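Notes follow once the structure below has been shown.
Read the figures in this text as sums done on the coordinates, not as results from a lab. As the structure is a prediction and not an experimental result, all values here were calculated from the model. Positions of Cβ are generated from backbone atoms using ideal geometry, with glycine treated the same way; all protein chains shown enter the neighbour counts.
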Amino acid sequence: MVNMAARRAATVAALLVVVVVAGCVGGVAASTEQSLTLLLDAGENQCIYEDVAEHMNIRMEFQVIAGANLDVDYTVVSPSGHVRDQGKRLTHSMFKGPNAEPGTWKFCFSNRFSVLHEKAVHFSLILDDGDPVESWESQLPVSPAGETVESITKYAMRLRVHFKQIIRDQTHLWAREARHRQTAQFNNERIGVVSAVEIAIIISIGLIQVYVVRSFFKTPSTKAAAKS
């Protein structure tokens, strides 16, 4: 009976530790994540500035979700002023900077090559200091339950990491779906315009054919009477 009571107490203590650690784990792991949508007018250039601490990893991803041709220019500039990555007329791209240089990073998106159309760019930025689970393991509490508390806590932490990855994937799929929907709408408008032009051409050809065929059946007397 004493052993069973001790096991129950250890289990309850383990669950309490899991709840406390899962609730406070956001402060243990040094990681930030943000996403936003930029609207670039024709000929406009916008930059996003982000302060990065030492020993941080950078992961930047963007997708053009609206606008003609769905393309922009982008540039990633380090705090020392060096261009770490850039691209021309791209729809989607990703930049990874392990152990990034500390300081203020600059992420710029340009629509200067366009003179008519605005663009919508979905931008996401993730900053972390490595494997979250490894950084949390050093913060695990010491308990008489031993490996039971440690294993359950690790499992809860890994679940949180996987849930965050699911949120990132869902955001990526949402941006991708929005881009494909914009492409489908643009193609639908182009098909409508081309179809209207084709219908007008067919009607014009039909009228011309009717006029030519009627001219074949006109006699000289009919033409003279028509002139008089």
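Derived scalar couplings between HN and Hα for segment 72-89 equal 9, 9, 9, 9, 10, 10, 7, x, 7, x, 7, 7, 8, 7, 7, x, 10, 6 Hz in order, rounded to whole Hz, by the Karplus curve 6.51 cos²θ - 1.76 cosθ + 1.60 (θ = phi - 60°), x for Gly and Pro.
Subtract the Cα-Cα distance of T183 and V83 from 0.36 nm times their separation in residues, and report this length gain in nm to one decimal. Here the answer is 32.9 nm. In order along segment 103-108, phi translates into HN-Hα couplings of x, 9, 8, 10, 10, 10 Hz, rounded to whole numbers, per the Karplus curve 6.51 cos²θ - 1.76 cosθ + 1.60 with θ = phi - 60° and x for Gly and Pro. Across segment 168-185, coupling constants 3J(HN,Hα) worked out from phi with the 6.51/-1.76/1.60 Karplus curve, θ = phi - 60°, read 4, 5, 5, 5, 4, 5, 5, 5, 5, 5, 5, 5, 5, 5, 5, 5, 5, 5 Hz, and Gly and Pro carry x.
A Förster distance of 30 Å, applied to the separation of the beta-carbon atoms of V210 and R190, puts the FRET efficiency at 0.45. Peptides 104-111, 198-205, 156-163, ordered by how many other C-beta atoms sit within 10 Å of their residues on average, highest first, read 104-111, 156-163, 198-205.
Of the peptides 183-196, 40-53, the order by per-residue mean of other Cβ atoms within 10 Å, starting with the highest, comes out as 40-53, 183-196.
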